[in-house]
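The values are calculated or read from the model by the stated rules, or taken from the named source; none is laboratory data. It should be emphasised that the depicted structure is a prediction, and the values quoted were computed from it without experimental measurement. Note: ideal-geometry Cβ built from the backbone for every residue, glycine included; neighbour counts use all protein chains shown.
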Amino acid sequence: MSQHKAKIEWKAPSPEFRLGKYTREHTWSFDGGLKVPASASPAVVPLQYCNPANVDPEEAFVAAISSCHMLTFLHVARLAGFQIDSYEDEAVGEMGKNERGVAWVSIVTLNPKIVYAGDKQPTHEQETTLHHKAHDGCFISQSIKTAVKVTGFE
């Protein structure tokens with residue numbers, strides 16, 4: 001099986017680390033050379049210690065689920081003979097508390113808007129089946145305990 005790697009880098013900018021007065025800004029680096037500025041979410045850490053313009057881990061988690069679902073959906077739709085012109089999703093992750101009272105991303109709701117081309121258009125039932133196949137084939141959704149819901153195709 002394949003491996004997927006990410007390098008995470010952070011450096012203390014001040015000696016006030018032990019007081020909790022430190023930035024949560026850091027960098028994610030990937031094998032293709034892409035570097036992504038990251039930070040803790042301002043929903044978790046005060047603004048002076050994070051950067052809301054950077055990607056936070058919770059956003060990245062939601063994006064990974066949405067991206068994996070989309071890529072798998074495109075594949076299963078193609079195999080089913082459908083032509084797709086565009087796929088757009090505004091995915092939303094919601095925080096909750098687990099049975100131990102620990103915060104976690106408890107549900108991710110996908111809101112795909114798909115434009116099909118050509119004469120072959122899926123029925124609602126066919127599209128529901130495609131989304132179920134995409135969920136079952138998505139490596140990320142099969143690796144998590146977070147509930148994944150697709151609006152209109154439950």
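Does Lys21 count as out of contact with any Gly (no Cβ under 6 Å at 6 or more places or on another chain), surrounded by fewer than 10 Cβ atoms within 10 Å (Cβ to Cβ) and among the charged types (D, E, K, R)?
Values: out of contact with any Gly (no Cβ under 6 Å at 6 or more places or on another chain): yes; surrounded by fewer than 10 Cβ atoms within 10 Å (Cβ to Cβ): no; among the charged types (D, E, K, R): yes.
Spelling it out, it is not the case that Lys21 is out of contact with any Gly (no Cβ under 6 Å at 6 or more places or on another chain), surrounded by fewer than 10 Cβ atoms within 10 Å (Cβ to Cβ) and among the charged types (D, E, K, R).
Hey, can you tell me all the residues within the range 95-117 that are in a loop (DSSP other than H, G, I, E, B) and either in contact (Cβ under 8 Å) with a residue 24 or more places away in the chain or not assigned by TED's automatic domain parsing to the domain that holds Asp136 (or both)?
Selection gives Asn111 alone.
Show the residue pairs meeting these rules: Cβ distance below 7 Å; 6+ apart or different chains; first residue within the range 61-72 and modelled with pLDDT of 95 or more; second residue in a helix (DSSP H, G or I).
Taking only residues 6 or more apart or on different chains, the pairs are Ile65/Ser141; Cys68/Ser141; His69/Ala134; His69/His135; His69/Ser141; Thr72/Ala134; Thr72/Gly137.
For the range 89-108, give me each residue that is surrounded by 11 or more Cβ atoms within 10 Å (Cβ to Cβ) and not small (Gly, Ala, Ser).
Asp89, Glu90, Val92, Glu94, Met95, Trp104, Val105, Ile107, Val108 - these are the residues of the range 89-108 that are surrounded by 11 or more Cβ atoms within 10 Å (Cβ to Cβ) and not small (Gly, Ala, Ser).
Consider Lys120 carefully, then state whether it is of a type in the set (Lys, Arg) and assigned to a helix (DSSP H, G or I).
no
One line per residue, one yes/no per condition, for (1) over 22 Å from Ala38 (Cα atoms); (2) without any contact (Cβ under 8 Å) to a residue 60 or more places away in the chain; (3) outside the structural domain of Ala40 (by TED's automatic domain parsing):
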position	(1), (2), (3)
Ser86	yes, yes, yes
Gly93	no, yes, yes
His135	yes, no, yes
Phe139	yes, no, yes
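Within the range 133-151, can you find the residues that are of a type outside the set (Ser, Thr, Tyr) and surrounded by 14 or more Cβ atoms within 10 Å (Cβ to Cβ)?
Step one: filter the range 133-151 for residues of a type outside the set (Ser, Thr, Tyr), giving 133-140, 142, 144-145, 147-150.
Passing the criteria: Lys133, Ala134, His135, Gly137, Cys138, Ile140, Ile144, Val148, Lys149, Val150.
Out of (1) under 30 Å from Phe17 (Cα atoms); (2) in a strand (DSSP E or B), the odd one out for Ala43 is which?
Every condition holds for Ala43 apart from (2).
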